1. Scan (1) surrounded by fewer than 20 Cβ atoms within 10 Å (Cβ to Cβ); (2) touching a residue at least 40 places away in the same chain (Cβ under 8 Å); (3) among the hydroxyl-bearing types (S, T, Y) for the single condition S59 breaks and write down its number.
2. Given the criterion in contact with a Cys (Cβ under 6 Å, 6 or more places away or on another chain) and touching a residue at least 40 places away in the same chain (Cβ under 8 Å), identify the matching residue among N388, N351, N384.
3. Having 2 or more residues that are under 20 Å from the mean Cα position of the chain (by Cα) and closer than 28 Å to I435 by Cβ is the bar; report the helices (runs of 4 or more DSSP H) wholly within region 53-151 that clear it.
4. Anything in region 437-452 that is of a type in the set (S, T, N, Q), under 14 Å from K427 (Cβ atoms) and touching a helix residue (DSSP H, G or I) at 6+ places or on another chain (Cβ under 8 Å)? List them, or say none.
5. What are the pairs, 6+ residues apart or on separate chains, where a residue within region 200-224 that is in contact (Cβ under 8 Å) with a residue 40 or more places away in the chain and assigned to a loop (DSSP other than H, G, I, E, B) has its Cβ under 7 Å from a residue that is surrounded by 20 or more Cβ atoms within 10 Å (Cβ to Cβ) and of a type in the set (A, V, I, L, M)?
6. Determine the pairs where a residue that is at negative phi, located within region 228-257, has a partner that is aromatic (F, W, Y) with Cβ atoms under 6 Å apart, the partner being 6 or more residues away or on another chain.
7. Applying the selection to region 188-235, what residues are among the hydrophobic types (A, V, I, L, M, F, W, C) and closer than 23 Å to G268 by Cα?
8. Looking at region 318-335, I want the residues that are farther than 18 Å from G285 by Cα and have a partner that is of a type in the set (F, W, Y) with Cβ atoms under 6 Å, at least 6 apart or on another chain. Which pairs are those?
Amino acid sequence: MTSTRTIHRRDFLRTAGAATAAGAFFTSTSGIARGQSSPNDRPVFATIGLRNQGWLITSKSFKYADFAALADVDSNVLGANVEKTAEAQGKKPDAYGDYRKVLERDDIDAVMIATPDHWHTKVAVEAMLSGKDDYCEKPPTSTSDEGKMIEKVVKDTGRVFQVGTMQRTECEQRFLQAVAMLRLGRIGTVKRVTCGIGAFQASPVIPIAPVPEGIDWDMWLGPAPKVDYRALPEMREGYGGGVPLYSNCHYSFRNWHEYSGGKLTDWGAHHVDIACWALGADDTGPTKITPLEFSLPVEYKDGYPTVDDQYNIATSYKIKADMPNGVELIITSEGDNGILFEGTKGRFFVNRGKIVGKPIEDWANDPLPEGAVEGVYGGPVCENHSDNFVQAMRSRAQPISDVWSHNRMLEICHLSNIAMRLNRELKWDPEKREIIGDAQANSFLSRESRKGYEIEM
């Protein structure tokens, strides 16, 4: 089933601008990079950052692309993934400890970026400037200004940029159904949306420790400040396991403001994205961010932690964002992970495993109309997020998780962290994309990169 997508002026300008710019910036010699659509044309990919999510998005992409190279600063992770990739595709990819070697190659059409968060913007921008399309794990930025930079580079180069918010494509279309529900008015006028994104635990004091063999620690830190490696002996089990449970490196980087935005930019980047998309607020933002309640694990002064040997990301929180049309957006560490939509005619809850509530039960007698989900997606729903990315590469249009809507949403998450760090309400100008009347808070909308790791423009 196909349907016609409603094209807003902003969408047309983005697509047209990208397509026009693309003609001047193609550097790859592959057919797909020249805009050809033959099913025999397979793009050539490379993945940069390979633990956990890096391997997941790589493995999902074997059906659509050939991987010529992999890069990671941990030689153990790199070696293991080279072997798995060789087994999966029948050809061994080249291995690099320095991602810049990937960007130097003219035979690579696109990169998949799954480094720690603080590296995302640098790698993404440099990859696009080298003539490569980007699939970048969320969050693509650590600050609002980084988002503006990526937007400019996408526009200037005409590269395709997919954010790895796979809920827009996958999860058995539950989130697409949720968006369709709201657009059809099934719960009346929306009054409140609550995003449950979970909590983090505080850590004990984490001592300085020897850097594990195989990790280039200076390169892992990259744009972040130079600090010692820290870890406790206890090992993490389950997803992301095999590394220290408490550290300032693998997996635990999300617990440090130096490298991430915690749950706000982890699960928040997923659920707040769907919330804003459903509300039709993907080209605007809030007017105010209010930290209703929160807990920080260490003392802060002027927005910065006063110690460097413990996790510093908020462990619990309830944040209110004042959205257009009087809608309250609540982001909380409490309750079930997922999104609760409440309107004048009902409410329902959706997450990756379920979509439930009275309006959903009513589907038995009043199902979603044919084509409703496709109308949200803009056409037939792709097999997975990688499929959507490759199709966008062929058409030279931006994919379903475009950088503009994502950055608008992600600003809510960044602002929430700033509000907690400074312990105050923030007023936001969604047109100027700046905090109103608060110079100190505005200083957190950008960051300096460590010398030697600036973005190479």
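The values are calculated or read from the model by the stated rules, or taken from the named source; none is laboratory data. Since the structure is predicted, the reported quantities are computational estimates derived from the model, not experimental observations. In this analysis, Cβ positions are derived from the backbone assuming ideal geometry, glycine residues included, and neighbour counts consider all displayed protein chains.
1. (2) is the only condition that S59 fails.
2. Answer to the check: N388.
3. Once the helices (runs of 4 or more DSSP H) in region 53-151 are filtered for at least 2 residues that are under 20 Å from the mean Cα position of the chain (by Cα) and closer than 28 Å to I435 by Cβ, what remains is 120-129.
4. Looking only at region 437-452, we keep the residues that are of a type in the set (S, T, N, Q), and these are 440, 442-443, 446, 449.
Narrowing the set further to residues that are under 14 Å from K427 (Cβ atoms) leaves 440, 442.
The answer is Q440, and nothing else.
5. F200/I313; I206/A231; D216/V73
6. Final answer for the pair search is Y229/W217; L232/Y246; V243/Y251; N248/W256; F253/Y259; N255/F200; N255/Y311.
7. Quick first cut of region 188-235, residues among the hydrophobic types (A, V, I, L, M, F, W, C) only: 190, 193, 195, 197, 199-200, 202, 205-206, 208-209, 211, 215, 217, 219-221, 224, 227, 231-232, 235.
Within region 188-235, V190, V193, C195, I197, A199, F200, A202, A224 qualify.
8. S333/Y317
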